[in-house]
Amino acid sequence: MESVEIHKQPSCADDSDPVSLSVGQARDAIRAALISITDQETVPIRSALGRVLAADCISPIDVPSHTNSAMDGYAFAGVDLPTEDPREYRVVATVLAGQTSDHRCAPGECVRIMTGAPMPPGTDTVVMQEQVEVLPDQRIRIDARHRQGQNVRQAGEDIASGASVFGCGRSLTAADLGVLASLGFAELRVFRRPRVAFFSTGDELRSIGEALAEGEVYDSNRYTLFAMLRELGVDLFDLGVVRDDREALEQAFRQASAMADVVVTSGGVSVGEADYTKEILGSLGDISFWTIAMKPGRPLTFGRLGRAMFFGLPGNPVAVMLTFQQFVRPALRYLSGSQWPTPLVVEARARAALRKRPGRYEFVRGILSYDDAGRLTVGPSGAQGSGILTSMSRANCFILLDEHCAGVSEGDVVRVEPFAISW
Ligand code: AMP
Ligand code: MG
């Protein structure tokens, strides 16, 4: 994909038309402008879920730490197993998980052993208890079907001492916390979380709890943004609703950029809005005004505002969510010290025809489900206007119709990006 130098894009100083970019170009330009956070802190393991490792994790021990039985049964020396006829053995000791046994097995002897218990000296094979015939007087009999080394977990077979378990940049999952606990890590070195300040702009917006007058709407973008940022585990600063007013906006931009690594706004800072927005942003930073060949979500303002990165999202509620998912979320993951995430994309059969003209990338809110034959199918989740949030709420995926797509017939295979599985 052709890369784009954002600083060469027209800024507020230019009177030229906003630059039109493809989705891929916008993504590349954003990525090229980001610098990951390098500040670090140490957190207890329980606080490390979703945090990004700031150093490679080297195992201080073998896991498992000792060679042990994978079954409840009897431990033998593999060389002492019967090769043709069944044979009797004397049970000389019992070893439970958490215990050790010093008894060295001589030929004709075995040790009763439980799952997880260390293998006694001289043994290397476990026969599960279901395959053993128990006889009187501490004796047992087994037949010749067993292999030397069976049912034994070797020390270090999961993780060897000194091995790198997770690399720097790993975003920690629930399983990772378990692995780290099994290695005895009580604390972890992680990158500081990004701080994100966000606000809504618009004279028509009212906050929850206020009465709506004619022509006014409740501010919903601040709630979808709050929730999507929450899911990312960043530190949040909600700066409320800011009126379409030069002084108020300038003050909000200054305040936000002073406190945060990233500033996200919705509405009113797009091309076509009051010119003073451009002026203010231009005086405070190095900002590009893009028109992205995508639907929904055409206008996007991006750049540097003081020391912070700035994303000026469109005002329409679905456009806010889409541009956040496509641009802001990967950027925040990247700033957090992780890799730029690659979303999971699957193929599914269209349940309905989709009209589209080539030229721009359309993200259709869809419902992905299985048909009676167990095949993945997808169809629109409802009306696709960029202000219609209910069809976003019903959707579990975006149907991806790229720039070249000239429409989809029922039954065509389309590409689909499911939500919430992309990082
Ligand atoms: P704008 O980009 O400011 O022209 O806004 C485009 C549309 O989105 C208008 O219908 C706005 O009323 C609506 N809108 C803008 N901001 C919000 C918000 N925070 N919550 C809900 N709707 C909004
Ligand atoms: Mg507005």
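Nothing in this text is a laboratory measurement; each read-out follows from the coordinates by a stated rule. These numbers come from a predicted model, not from an experiment. Cβ placement follows ideal geometry from the backbone for every residue including glycine, while neighbour counts extend to all protein chains displayed.
Identify the GluC sites (Glu not before Pro) of the stretch 353-423 meeting these criteria: DSSP loop state and at most 13 other C-beta atoms within 10 Å of the C-beta. Display every interim value, and only then the final one.
Working: sites: Glu362, Glu403, Glu410; in loops: Glu403, Glu410.
Filter output for the stretch 353-423: Glu410.
Give me the percent relative contact order of the chain, please, defined on Cα pairs under 8 angstrom at least 6 residues apart. Don't skip to the end; give the middle numbers.
Numbers: 965 pairs, mean separation 69.5, N = 423.
Relative contact order, the chain: 16 percent.
Rg/Rh, computed from the Cα trace of the stretch 100-196 with Rh as the Kirkwood radius, has the value 1.19.
What fraction, in whole percent, of alpha-carbon pairs in the stretch 49-157 exceed 15 Å separation? Roughly 63 percent, once rounded to a whole number. For the stretch 116-164, a Kirkwood hydrodynamic radius built from all Cα pairs, placed in the Stokes-Einstein relation at 20 °C and 1.002 mPa s, yields a translational diffusion coefficient of 162 µm²/s.
Per residue, how big is the convex hull around the C-alpha atoms of the stretch 187-319? Give it to me in cubic angstrom, could you? Working shown, then result.
Values: hull volume 16.8 nm³, N = 133.
Output value, Cα hull per residue: 127 Å³.
Placing R0 at 60 angstrom, the Cβ-Cβ distance between Arg206 and Leu96 gives a FRET efficiency of 0.35 after rounding to 0.05.
Helix 246-259 and the longest principal axis of the C-alpha atoms of the chain enclose an angle of approximately 20°.
Kirkwood analysis of the chain, using all unique Cα-Cα pairs, places the hydrodynamic radius at 25.9 Å. To the nearest ten degrees, helix 23-33 and the longest principal axis of the Cα atoms of the chain are 80 degrees apart. Over the chain, DSSP H runs of length four or greater, each weighted -39,500 (n - 2.57), average out per residue to a 222 nm ellipticity of -5000 deg cm²/dmol.
For the chain, the longest principal axis of the C-alpha atoms and the axis of helix 275-284 are separated by about 60°. Along its principal axes, the stretch 314-378 has C-alpha extents of 42, 27, 22 angstrom, given from the largest down.
Projecting the Cα atoms of Val52, Phe76, Cys105 onto the charge dipole of the stretch 21-166, computed from C-beta unit charges around the Cα centre, puts Val52 farthest toward the positive end.
Which net charge results for the neighbourhood of Arg90, defined as the other residues with beta-carbon distances under 10 angstrom from its beta-carbon, given Lys and Arg at +1 and Asp and Glu at -1? Numbers along the way, then the final one.
Values: positive: Arg139; negative: Glu88, Glu109, Asp137.
Net local charge, Arg90 excluded: -2.
In terms of overall dimensions, the stretch 338-423 has a Cα radius of gyration and Dmax of 12.9, 39 angstrom.
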